[in-house]
Structures are given as C-alpha cells and as structure tokens.
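Participant: Attaching a single structure in structure tokens format; questions to follow.
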C-alpha cells in the first residue's frame with residue numbers, strides 16, 4: 001500500500017491513545033508527512049478503520065474499535081512483549097503457558113508499572129473470562145507460587161470480564177484462540193519448573209533436584225541445536241557449561257536459561 005508507513009504509525013498512535021483527535025494533532029504527534037498522513041487517514045476512513053467528523057474548521061478522527069483493530073493490537077502487543085525486560089518477559093510467558101489448560105480463561109493481559117519502567121518488583125496480570133470467581137483465581141495459586149519461588153518475581157492476579165476495555169488495559173500475552181504449537185524446549189522447561197518447585201519445597205528433594213537438572217539439560221541442548229540420544233548425552237552436554245550443586249545455583253541457571261527459552 002502506498003501510504004503503509006504513515007498508516008502504521010497513525011494506527012499505532014490511535015490504538016494507544018483512543019481519544020478523538022484533530023488530524024493536525026495526530027500528524028504532529030506521529031511526525032508523519034502532512035500529505036502522506038492526510039492520504040492515509042482518508043484511506044483509513046474509506047476502509048472503515050477510523051471515523052472522521054467535522055469540528056469547526058478542523059476534522060476529528062477516532063479509531064473504530066472492532067475485531068479488525070483488535071487484531072492489529074495483538075500484533076503490536078507481540079512486539080511490545082518482545083521488547084520488555086527479559087526477566088519480565090520470561091515470567092509473563094511462563095505464567096501464560098502454565099494456564100493454557102484452563103478453559104475458563106479467554107485472555108491474559110499484562111499491565112501496570114512494567115509497561116512504563118524497566119525496573120519492577122512485581123507483575124500484574126489481568127485474567128479475563130466470563131464471570132470468573134475468586135475461587136477460580138485461587139485455583140491458579142499453584143502456578144503463581146511455582147514461578148515466584150523459582151524466578152523471585154511477585155505475581156499479582158486480578159480478574160475481569162473479557163471485553164475490549166480490559167483487553168486494552170495492557171499487553172495481551174495470551175488469548176484462547178491462539179494456535180498451540182509444539183516446542184520441545186518450552187515443554188521441558190515447564191517440567192523443570194515443576195521439579196524445581198518440588199525441590200525448593202523439600203518434597204522428595206534428591207529426586208526432584210536431579211530431575212530438574214535433567215529437564216534443564218534437555219532445554220539447554222535444544223536451545224543449542226543439540227539433539228541428545230540419551231539422558232547421559234543431555235547431562236554431559238549441559239555439564240560442560242554448568243555445574244549445579246545446590247538449589248540456589250539451580251534457580252539462577254534456571255532463570256538464565258528461561259530468559260533464552262521465552263525471548
């Protein structure tokens with residue numbers, strides 16, 4: 001499309017500042033060329049992406065909030081997620097992966113101070129669905145505590161209705177309509193998380209600790225495009241770089257590798 005660059009900048013601007021705006025304000029704030037911006041906005045009106053109305057000598061523009069706009073937001077959200085602090089991004093992705101089997105969840109939105117500041121002490125997740133209860137939120141405590149104990153990041157869970165207002169409150173990190181694809185590294189990492197949590201809780205410590213290292217060995221192997229034929233192959237490849245002797249080292253290496261898996 002001839003005006004694609006200007007349209008993309010204007011669309012992104014309108015998505016994250018959804019007030020009705022004068023065209024001149026939009027051009028100034030997006031730093032787009034006047035001619036290309038006017039052409040792009042006119043095309044967007046014809047396509048039904050924006051609504052325009054006259055206001056005195058000017059024209060006011062507002063975004064049409066529908067599924068077409070939402071699909072574009074999801075695209076921008078994926079980019080915003082990739083640009084987050086690596087620890088925050090990995091924690092968010094793992095939290096989403098840990099709740100994939102909960103059919104009541106229609107979307108998960110990451111919001112709060114992390115969207116404006118690289119430094120953070122906790123992460124806020126808005127769990128969206130139809131009439132979710134406090135008891136349902138409590139049922140996610142297991143996944144939350146597992147991640148908190150390994151990653152050292154406090155997770156705050158909030159519930160809300162699945163609607164446009166809530167979807168636009170932050171970065172949508174999961175929605176139920178997403179295609180689930182197989183990723184061996186992610187699968188092994190989530191198993192590592194289960195065993196590491198058991199080790200931290202001193203539940204069958206020796207078995208849990210060793211299994212956590214084994215899972216992490218497979219993850220590390222897959223990340224480095226090494227396909228081990230046996231458990232010993234995976235452990236040998238892993239031990240060339242990492243020597244894990246206690247739970248603190250396990251957590252440290254686990255977080256380091258986790259940031260690579262979910263980047």
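Participant: Listed residues 109, 61; which is under 28 Å from the mean Cα position of the chain (by Cα), at pLDDT 90 or above, in a strand (DSSP E or B) and surrounded by 15 or more Cβ atoms within 10 Å (Cβ to Cβ)? Write out each step before concluding.
Facilitator: Working: 61 fails: under 28 Å from the mean Cα position of the chain (by Cα).
Among 109, 61, only 109 is under 28 Å from the mean Cα position of the chain (by Cα), at pLDDT 90 or above, in a strand (DSSP E or B) and surrounded by 15 or more Cβ atoms within 10 Å (Cβ to Cβ).
Participant: Answer with yes or no whether residue 150 is in a helix (DSSP H, G or I) and closer than 25 Å to residue 119 by Cβ.
Facilitator: yes
Participant: Which residue, of 206, 182, 191, is loosely packed, with under 13 Cβ neighbours inside 10 Å and either within 22 Å of the chain's Cα centre (by Cα) or closer than 22 Å to residue 90 by Cα (or both)?
Facilitator: One residue alone meets the criteria, 182.
Participant: Go through (1) modelled with pLDDT under 95; (2) out of contact with any helix residue (DSSP H, G or I) (no Cβ under 7 Å at 6 or more places or on another chain) one by one and return the number of the condition residue 167 breaks.
Facilitator: In the conditions (1) modelled with pLDDT under 95; (2) out of contact with any helix residue (DSSP H, G or I) (no Cβ under 7 Å at 6 or more places or on another chain), residue 167 misses (2) alone.
Participant: Tally the residues that are in contact with a strand residue (DSSP E or B) (Cβ under 7 Å, 6 or more places away or on another chain) and assigned to a strand (DSSP E or B), restricting the search to region 1-54.
Facilitator: 6
Participant: Please go through (1) in a helix (DSSP H, G or I); (2) farther than 30 Å from residue 13 by Cβ; (3) within 25 Å of the chain's Cα centre (by Cα); (4) in contact (Cβ under 8 Å) with a residue 24 or more places away in the chain for residue 135 and return the number of the only condition it doesn't satisfy.
Facilitator: (4)
Participant: Restricting the search to region 240-263, which residues are assigned to a loop (DSSP other than H, G, I, E, B) and within 22 Å of the chain's Cα centre (by Cα)?
Facilitator: 262, 263
Participant: Residue 88 - would you say it is touching a residue at least 24 places away in the same chain (Cβ under 8 Å) and closer than 30 Å to residue 189 by Cβ?
Facilitator: Yes: the conditions hold for residue 88.
Participant: One residue is enough: does region 212-233 have a residue meeting the conditions within 21 Å of residue 260 (Cα to Cα), touching a helix residue (DSSP H, G or I) at 6+ places or on another chain (Cβ under 6 Å) and either in a loop (DSSP other than H, G, I, E, B) or in the same structural domain as residue 128 (by TED's automatic domain parsing) (or both)?
Facilitator: Within region 212-233 (the criterion being within 21 Å of residue 260 (Cα to Cα), touching a helix residue (DSSP H, G or I) at 6+ places or on another chain (Cβ under 6 Å) and either in a loop (DSSP other than H, G, I, E, B) or in the same structural domain as residue 128 (by TED's automatic domain parsing) (or both)), the answer is yes, since at least one residue qualifies.
Participant: Additional query: Residues to consider are 9, 73; find the one that is under 30 Å from residue 153 (Cα atoms) and touching a helix residue (DSSP H, G or I) at 6+ places or on another chain (Cβ under 6 Å). Don't jump to the end; show me each part of the working.
Facilitator: Values: 9 fails: under 30 Å from residue 153 (Cα atoms).
Just one listed residue meets the conditions, 73.
Participant: Follow-up. Those residues that are more than 22 Å from residue 114 (Cα to Cα) and assigned to a helix (DSSP H, G or I), I need them from region 64-88; list them, please.
Facilitator: Within region 64-88, 67, 68, 69, 71 meet the criteria.
The values are calculated or read from the model by the stated rules, or taken from the named source; none is laboratory data. None of these values were measured; they are calculated from a predicted model. Here Cβ is always computed from backbone atoms with ideal geometry, including for glycine, and neighbour counts include all displayed protein chains.
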